[in-house]
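Throughout, read-outs are computed from the coordinates displayed, never taken from laboratory work. A quick note: this is a predicted structure, and the numbers were derived from the prediction, not measured.
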């Protein structure tokens, strides 16, 4: 008498259970991968934002610290105050010292700079000469979600929303810049102005 051969293989029910387990593991792995990618993108965006703020902060504070009480003239020859604010669509415009001349070009050691707000960023433009020159092309220094606000500390110690100097050579003591940010309080930057000339 011969025995019946033992069945080799899986039943349909065992195959369905194995496929269901594999599907559950695959969905979990895909979710974990998606979470890792989202976390990496969020981390990179935050790191880029912090790096942009630090680069801006170094340029902004260096410019303001080197401000000099030197009036200038615009392209038409009209005299301008040494430090202007909230005119002609710009936040601030002033003359600063410390402009390195690495290539020995025929130009002064002073540079007139201005900061403006566009629809997406705070931009900085420099002038090749303090008097009678047109600004060079502006470069973006900080992405913005909303326009910043600026205040000025005068010599009497008070903060003012507008800069209205009594003399054309007068500089504020400090400038406060409030930059709105999404979901967090605004970034507050207080910078001294012309620390060598006060």
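Given the C-alpha centroids of the stretch 115-139 and the stretch 38-104, what is the distance between them in whole angstrom?
9
For the chain, restrict the atom set to alpha-carbon positions and state the Rg and Dmax in Å.
Reported Rg and Dmax, both Å: 30.4, 121.
What percent does the relative contact order of the chain come to when contacts are Cα pairs within less than 8 Å and at least six residues apart?
Value for the chain: 17 percent.
Multiplying the sequence separation of residue 155 and residue 133 by 0.36 nm and subtracting their Cα-Cα distance, what value in nm do you get?
Full extension from residue 155 to residue 133 adds 4.9 nm.
Over the stretch 60-144, what relative contact order in percent results from Cα pairs under 8 Å that are six or more residues apart?
Value for the stretch 60-144: 24 percent.
Helix-only estimate, please: 222 nm mean residue ellipticity of the chain, summing -39500 (n - 2.57) across DSSP H runs of length 4 or more and dividing by its residues, to the nearest 500.
-10500 deg cm²/dmol
Any idea what angle helix 12-65 forms with the longest principal axis of the chain, computed on alpha-carbon atoms, 0 to 90 degrees, nearest 10?
The angle comes out near 10 degrees.
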